[in-house]
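Working notes, beginning with the structure itself.
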Amino acid sequence: MSEIPTRTRIVIIGGGPAGSLLAHLLHVRGIESALLELRSREHVLERVRAGVIEHESAEILRRTGLGKRMDEEGFVHEGVNLAHSGEMLRIDFQRLTGKHVTIYGQTELQKDLFDVVDADGVPLIDEAEGVRVDGIEDHSPAVGFTRHGREHTITCDFVIGCDGAHGVTREFIPAGARRTYERQYPFCWVGLLSETPPIDDELIYASHERGFALCSMRNEHRSRYYVQGPADTTVEEWPDDRFWSELTARLPEAVADGLVTGPSIEKIVTPLRSWVSEPLRHGRLFLAGDAAHVVPPTGAKGLNLAISDVVYLVDALAGNYDRGSTAGLDEYSERAMARVWKAVRFSWWMTTMLHRFPGMSDDFERRLQKAELDYLFGSENAQRAMAENYVGLPH
Ligand SMILES: Cc1cc2nc3c(=O)[nH]c(=O)nc-3n(C[C@H](O)[C@H](O)[C@H](O)COP(=O)(O)OP(=O)(O)OC[C@H]3O[C@@H](n4cnc5c(N)ncnc54)[C@H](O)[C@@H]3O)c2cc1C
């Protein structure tokens, strides 16, 4: 690791996709920064998470020198499939929008990001514990932290909190100056990773009386499957046999016939929630990515929102340094949140349409859910609206 500076222009807290992309894009614009990460590099690189990269997110990665491995090893998906009442519908992104998505694991992207940050010469300070932020309402904030028992302080012009949903940076915004919005869903996803060929070339989202299921993949030999489970379930309650038989029961018979099962190599339980904290700015402190908003994974938007926040923020910071204009910084929160809320809506809509809600049997909401799916299956306009959101709204 390079030397820890005592002064830089921007201190970024959190070295996940938002923080490391921000450090790289700032470097591209000639703006110096330092990146603080709580965990070790190795830990960050091992986390298995998102996989769907929106059309424009992929373009941004390409334009900024991060597209090579994604284009070589990622998979272009020109559509997704929906299963409902024994039928399958393909939402054809390419025909409906002229765009596509790229399947490229977040773990791989994170590796590319750390590599480019190192090549840029940005100090990536991992195992930085007990981060504290002072003076965000003054001219020169200071970020203190401890590394391997030694105290450090970096003074800067701006502090950016990219420390994810469990981060601490937003807590430095006074409680009276921020507002949170939350929707907790009464179920979770049980996810299984296996060394088996995927059931299909594209993702399959299934709505079934027994609950939601998703068939996804990492590559030609590795599959990622999810089934909806009760909110309080644990991994121990899902031995492989139970998982595979539940998944099979939720897919149309003809599709399930093609399922190749095998031993799980990883199993997780993920709660689902929509959560937003705004505004994204207080004084000289800014937030980006999961530090300010979390969406259920149904719409594959979390990573993509982190990318779009960072793009807006880099524009705003570059305007400040290149032209001395603070207009971009003043507008950042509103500009980013306008896009975030549309993704919050889309993720909520997909989640609500495709899952079984406890207590929902033959009642009004269940009928509405069925009507929503029937409408989507029968209307090209509805399919286009879904495709437009899935491939990503313009930045
Ligand atoms: C199981 C799972 C599946 C997902 N699937 C999808 C998907 O299919 N599609 C999709 O788009 N999104 C998905 N997401 C969401 C996506 O992974 C996140 O939206 C994305 O990681 C956000 O990036 P980020 O950099 O904002 O936050 P994070 O990736 O959470 O990074 C934050 C970083 O900050 C560090 N940090 C935390 N606290 C501190 C501190 N106090 N000091 C310093 N550093 C700190 C953390 O260690 C971490 O490295 C999934 C998430 C999970 C958990």
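What follows draws every value from the coordinates through simple rules; no lab data is involved. Note that the coordinates shown come from a computational prediction; the quantities given were computed from them, not determined experimentally. Positions of Cβ are generated from backbone atoms using ideal geometry, with glycine treated the same way; all protein chains shown enter the neighbour counts.
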Checklist entry - Can you give the relative contact order of the chain as a percent, counting alpha carbon pairs under 8 Å and 6+ residues apart? => result 20 percent
Checklist outcome for this item: Computed about the Cα centre, the charge dipole of the chain from +1 Lys/Arg and -1 Asp/Glu charges at the Cβ has a magnitude in debye, to the nearest 20, of 760 debye
Item to check | Difference of contour (0.36 nm per residue) and Cα-Cα distance, GLU87 to TYR321 | outcome: 78.7 nm
Next on the checklist: Suppose R0 equals 22 Å. What FRET efficiency, 1/(1 + (r/R0)^6) with r the Cβ-Cβ distance, do ARG29 and ARG345 give to the nearest 0.05?
Outcome noted: 0.10
Checklist entry - By how many nm would the segment from GLU220 to ARG62 lengthen if fully extended, with 0.36 nm per residue of separation less the alpha-carbon distance? => result 54.5 nm
Item to check | Simple spin-label estimate for LEU393 and GLU266 in nanometres, 7 Å along Cα-Cβ | outcome: 3.1 nm
Checklist outcome for this item: The simple spin-label model distance between PHE377 and ASP240, using points 7 Å out along Cα→Cβ, in nm, is 3.4 nm
Item to check | Residues in region 98-135 reached by a label modelled at GLU46 [backbone nitrogen below 16 Å; 7 Å Cα→Cβ] | outcome: 107-108, 111, 127
Checklist entry - Each residue of region 314-322 in order: what ³J(HN,Hα) in whole Hz does its phi give by Karplus 6.51 cos²θ - 1.76 cosθ + 1.60, θ = phi - 60°, with x for Gly and Pro? => result 5, 4, 5, 5, 5, x, 5, 7, 7
Checklist entry - Ordered by residue, what ³J(HN,Hα) values in Hz, to whole numbers, does region 235-247 give under the Karplus form 6.51 cos²θ - 1.76 cosθ + 1.60, where θ = phi - 60° and Gly and Pro are x? => result 4, 4, 7, 10, x, 3, 4, 5, 4, 5, 6, 5, 4
Checklist outcome for this item: With the convex hull built on the alpha-carbon atoms of region 239-374, volume per residue in Å³ sits at 179 Å³
Checklist outcome for this item: The pairs in LYS99/LYS267; LYS99/LYS342; LYS267/LYS342 lying past 26 Å Cα-Cα in this model are LYS99/LYS267; LYS267/LYS342
Checklist entry - Between GLU73 and ASP232, what length comes free when the chain is fully extended (0.36 nm per residue of separation minus the Cα-Cα distance, one decimal in nm)? => result 53.6 nm
